[in-house]
Amino acid sequence: MNLEMELNKDSAIDFTEGISNLITGIKKDYSKWTDWSEGIERFNNGIDIKTGRKYTKVICGNSVWGFIANSDGILKGIPYFKGDVFMAAGWAAPAKHVRGSIFDTNQNWFLWTGPNYRV
């Protein structure tokens, strides 16, 4: 059994459902941070995704929230798997290390501002 199957064997969700759960989690975290209803609505309407060749970019307003790997690969010598989430190094590229996975049921690895730093 390869490593990806070992890590995701308990995952019963697919890629699009995982992205949907992530976006829902981002919206929930923002609504916990503020109670300004107009701001919450504006934030929720400003979340968008753009699918590229290697990564799916999550955009919040005018900035990149993070990147999601579309398939397995290697980034700067470090292997990653489909569904792994990266911080944004800039508008067009992810940072080096994986910060979480969209297939993870535990959603404490991100905030509405972006994936957490490595611990």
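The values are calculated or read from the model by the stated rules, or taken from the named source; none is laboratory data. All figures in this text were calculated on a predicted structure; none of them were measured in a lab. Note: ideal-geometry Cβ built from the backbone for every residue, glycine included; neighbour counts use all protein chains shown.
For Gly61, state whether it is modelled with pLDDT under 95, on the phi > 0 side of the Ramachandran plot and touching a helix residue (DSSP H, G or I) at 6+ places or on another chain (Cβ under 8 Å). Yes, satisfied. If you go through the range 86-96 and keep only what is modelled with pLDDT of 95 or more and more than 19 Å from Asn62 (Cα to Cα), you end up with nothing.
Contact map, the range 75-101: first residue closer than 22 Å to Ile13 by Cβ, second residue β-branched (Val, Ile, Thr), Cβ cut-off under 6 Å, separation 6 or more or different chains; pairs are Tyr80/Val98; Gly83/Ile102; Asp84/Val98; Val85/Ile68; Arg99/Val85; Gly100/Val85.
Can you tell me which residue is farthest from Asp84 (Cα to Cα) among those in the range 53-65 that are of a type in the set (D, E, K, R) and outside any strand (DSSP E or B)? Lay out the reasoning, then the answer.
Of the range 53-65, the ones of a type in the set (D, E, K, R) are 53-54, 57.
Within this subset, residues satisfying the condition of being outside any strand (DSSP E or B) are 53-54.
Numbers: Arg53: 15, Lys54: 12 Å.
Selected residue: Arg53.
I'd like the residue in the range 62-106 that is hydroxyl-bearing (Ser, Thr, Tyr) and more than 18 Å from Thr24 (Cβ to Cβ) and, out of all such residues, is surrounded by the most Cβ atoms within 10 Å (Cβ to Cβ). Within the range 62-106, the match that is surrounded by the most Cβ atoms within 10 Å (Cβ to Cβ) is Tyr80. Would you point out the residue of the range 37-52, among those that are assigned to a strand (DSSP E or B) and of a type in the set (D, E, K, R), that is surrounded by the fewest Cβ atoms within 10 Å (Cβ to Cβ)? Restricting to residues being assigned to a strand (DSSP E or B) and of a type in the set (D, E, K, R), the top hit is Lys50.
Scanning the range 3-22 for residues that are at pLDDT below 55 and either over 24 Å from Ile74 (Cα atoms) or assigned to a loop (DSSP other than H, G, I, E, B) (or both) gives Lys9, Asp10, Ser11.
Can you say whether Gly25 is out of contact with any strand residue (DSSP E or B) (no Cβ under 6 Å at 6 or more places or on another chain), outside any strand (DSSP E or B), surrounded by 14 or more Cβ atoms within 10 Å (Cβ to Cβ) and not acidic (Asp, Glu), as far as the supplied structure shows? Answer is yes for this residue.
If you go through the range 95-119 and pick out every residue that is over 22 Å from Phe43 (Cα atoms), out of contact with any Asp or Glu (no Cβ under 6 Å at 6 or more places or on another chain) and not in a loop (DSSP other than H, G, I, E, B), you end up with 5.
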